[in-house]
1. Quickly run through segment 204-216 and pick out the residues that are surrounded by 20 or more Cβ atoms within 10 Å (Cβ to Cβ) and under 22 Å from the mean Cα position of the chain (by Cα).
2. Looking only at residues in segment 180-209 that are within 24 Å of Met107 (Cα to Cα) and hydroxyl-bearing (Ser, Thr, Tyr), which one is modelled with the highest pLDDT?
3. Please list, ordered by residue number, the helices (runs of 4 or more DSSP H) wholly in segment 167-224 having 2 or more residues that are over 29 Å from Ala113 (Cβ atoms).
4. Report the residue count in segment 139-158 for those that are touching a Leu at 6+ places or on another chain (Cβ under 9 Å) and of a type outside the set (Ser, Thr, Tyr).
5. If Ala135 satisfies all but one of (1) small (Gly, Ala, Ser); (2) closer than 25 Å to Leu41 by Cα; (3) over 18 Å from the mean Cα position of the chain (by Cα); (4) crowded, with 18+ Cβ neighbours inside 10 Å, what's the number of the condition it fails?
6. Taking segment 104-142, which residues are in contact (Cβ under 8 Å) with a residue 24 or more places away in the chain and charged (D, E, K, R)?
7. Could you tell me which of the residues Leu146, Leu120 is in contact with a Gly (Cβ under 7 Å, 6 or more places away or on another chain) and assigned to a helix (DSSP H, G or I)?
8. For the subset of segment 151-203 comprising residues that are free of Cβ contacts under 8 Å to residues at least 60 places away in the same chain and closer than 30 Å to Ser122 by Cβ, which member is surrounded by the most Cβ atoms within 10 Å (Cβ to Cβ)?
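The values are calculated or read from the model by the stated rules, or taken from the named source; none is laboratory data. Quantities reported herein were computed from a predicted structural model and do not represent experimental measurements. Glycine gets a Cβ as well: all are built from the backbone with ideal geometry, and neighbour counts include every protein chain shown.
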Amino acid sequence: MTSTKFFPDKFTIKNYYKLFHPKTPVRDFPQFIKNSFKVSLITTIFSTIISILGAYGLSNLELKPKITIGRSLLFIYLFPTSVILIPIYKMFANMGILNTHLSLIIMYIALTAPFTTWLLASFFDGIPNSLEEAAYVDGANWIQTLFKVIIPLVTPGIITIAAYTFIYSWGEYTFSLVLLTSSSLKTAPLGLATFTTEQYIEWGLLLSGSIIVSFPVILLFLPFAKKFASGLMSGAVKY
């Protein structure tokens, strides 16, 4: 019986070479990575914009409507994923956007924007109204006030929601499995699944691919780790 070792006797990059030199489109791992970047970046940009505008509006409401709307934003998270899979599939099929990255982007925005809007609203609530009033007195409209006065003050919150959205979109598996069928459109999590079958698991390719997929998340998180952590703590105010 061979013993298990933490470090191998012989290091090799053979599996990484196989990943980036696929012999079949079904396992085109570089394309899977590109697809994940495309979907995650577009989702992050649009979800962050929606969250900023939504959180700013929510923060400026009176107390009772703010509480009601703030809680209703989280209503979607009461339903398990399995409950909404079939309705979402049928809706996108009727819209004619099934098996496209657009369907995945719309789904990810719908899943992340409510929570990130609710979270970011807590940052806006922490800004004194006197700053906005001073900007209005100086002749600024609400758009100038938002982008030149408010947004610079809630940068940790924006970094927090952007990082959350990217990480969620990058690693999501269930909806991408249901909505995408073409090999050329698969994202990285679906690409990793191609290395497992009922008969065997290609551990070398699977683990090498897992390390590569984890790199963008690590590289994104480490430079902003302090702001990300402080952002989550600062935004943990319940309506």
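1. Of everything in segment 204-216, those that are surrounded by 20 or more Cβ atoms within 10 Å (Cβ to Cβ) and under 22 Å from the mean Cα position of the chain (by Cα) turn out to be Gly209, Val213.
2. Per the stated criteria, the residue is Thr187.
3. Ranges flagged: 203-221.
4. 7
5. Of the numbered conditions (1) small (Gly, Ala, Ser); (2) closer than 25 Å to Leu41 by Cα; (3) over 18 Å from the mean Cα position of the chain (by Cα); (4) crowded, with 18+ Cβ neighbours inside 10 Å, the odd one out for Ala135 is (2).
6. Asp125 - this is the single residue of segment 104-142 that is in contact (Cβ under 8 Å) with a residue 24 or more places away in the chain and charged (D, E, K, R).
7. Leu120
8. That would be Val154.
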